[in-house]
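The values are calculated or read from the model by the stated rules, or taken from the named source; none is laboratory data. Quantities reported herein were computed from a predicted structural model and do not represent experimental measurements. Neighbour counts run over all protein chains shown; Cβ positions are idealised from the backbone, glycine included. These area figures cover heavy atoms from the full protein model, side chains too; ligands, DNA and RNA do not enter into them. Shrake-Rupley method; radii C 1.70, N 1.55, O 1.52, S 1.80 Å.
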Amino acid sequence: MKLKPGDIIIIIIAMGAITFLTFSLFSNQVNNKNCHIITPEKEYIYPLHIDQSIEIKGSLGISHIEIKNNHVHMLSSPCSLKTCIKRGEISEVGSWIACLPNKILIIIKGKKSEKAEIDILSE
Amino acid sequence: MKKQKSISFQSNIVALLAACCIFLSAFEYIIPKPIPFLRIGLANLPILIGITLLPFPAFLLLICMKVCFQGLIYGTFFSHIIILSAGGTFSSSIAMFFLYKFCKKYISFIGISVTGALLSNTVQLYLAGLLFFGPSVWLISPPFYIIGGIAGLLLGVFTNTFTGKSMWLTQCRELLYADNS
């Protein structure tokens, strides 16, 4: 039994393809974070890796939310205290922005990444 | 007259190889499987031998018989699984056939068998994802491909040795192609 050059090429291509497939599958899973925006009427889900700005109607008026570079932040809000805008940007799974007067909750859900953010209690 | 004799001998070969497919399918059925689709493809051995002996129409008949018998033995003949099985078998067998016909000089049965195994797995996963289970089926693909590849490799090594040494195969080839040369 002896290997011919075509065999070696095929085996190398096959091993390369399997390795590439495995890596691409598992790296996709890490990036799989979604931004859930919850209002009294509906729940909206946006992928975190696509940059966009969103207008959401709450009970007071329209809030502007921006998704940029895997981060979410509140651009403007019709509420009086603007706590939701001061909360700044969030990106880790489980972190959230809430606007109680406008009844909007933004929360990031997905698979937990390796380095979890320090939670709000220890900040 | 000679031509006729060679045709009847050819149908004997198809029947014999199909019988081998049944036996190997039944044998494979008793090997425990962690995932239902994870098969090592022992029944592809007669197909690999068939490539060297049969012309394309007889070869097609052989793979049709393989799909039917495998469906009967696994009890999946009237279920949706037969679509996956048929898709995988047809695509990989036809690819292996033409790979052998056109690239015989550069490639041995190891390469042919590995190509067949991976192509069969790809087509099965694609069909399963498209028709039944959705795109999440690709998550199980790495172990599927690794086991399929290794099984294909071992099968190829075996076929290489077998075709190199078998007296029966040489005699068959002489009988089949005596009038052609």
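Annotations
- Placing dummy labels 7 Å off each Cα toward the beta-carbon, the span from A:GLU89 to A:GLU41 is 3.1 nm.
- Sparsely packed GluC sites (Glu not before Pro) within region A:6-86, loop by DSSP, other Cβ within 10 Å at most 14: A:GLU41
- Working note: Karplus 6.51/-1.76/1.60 with θ = phi - 60° gives region B:44-56 the couplings 7, 4, x, 5, 4, 6, x, 4, 6, 9, 9, x, 4 Hz, where Gly and Pro are set to x.
- Violating pairs (Cα-Cα greater than 25 angstrom) within the set B:LYS33/B:LYS101; A:LYS2/B:LYS66; A:LYS42/A:LYS68; B:LYS105/B:LYS165; A:LYS4/B:LYS33; B:LYS33/B:LYS165: B:LYS33/B:LYS101; A:LYS2/B:LYS66; A:LYS4/B:LYS33; B:LYS33/B:LYS165
- Here the accessible area of region B:34-146 is 78 percent carbon and sulfur, with a 1.4 angstrom probe and all protein chains present.
- Computed over chain B, Kirkwood Rh from alpha-carbon pairs, angstrom: 16.9 Å
- Placing a pseudo-label 7 Å from each Cα along the Cα-to-Cβ vector at B:ILE146 and B:SER166 gives an inter-label distance of 3.2 nm.
- Descending semi-axes in whole angstrom, ellipsoid equivalent of region A:33-110, from the Cα gyration tensor: 18, 13, 11
- On Cα atoms only, tilt of B:81-103 relative to the major axis of chain B in degrees: 40 degrees
- With all protein chains in place and a 1.4 Å probe, the accessible surface of region A:33-110 carries 55 percent carbon and sulfur.
- Computed from phi, the 3J(HN,Hα) profile of region A:50-67 under the Karplus parametrisation 6.51, -1.76, 1.60 (θ = phi - 60°) reads 9, 6, 6, 10, 10, 10, 10, 8, x, 7, 8, x, 9, 9, 9, 10, 10, 10 Hz, with x in place of Gly and Pro.
- Per residue, the convex hull around the alpha carbon atoms of region B:111-181 comes to 115 Å³.
- GNM top mover of A:SER59, A:SER24, A:SER91 - chain A, alpha-carbon springs below 10 Å: A:SER24
- Where A meets B: accessible area buried, both sides, 1.4 Å probe, Å²: 1300 Å²
- Heavy-atom accessible surface of the protein assembly as shown, averaged per residue, reaches 57 Å², computed with a 1.4 Å probe.
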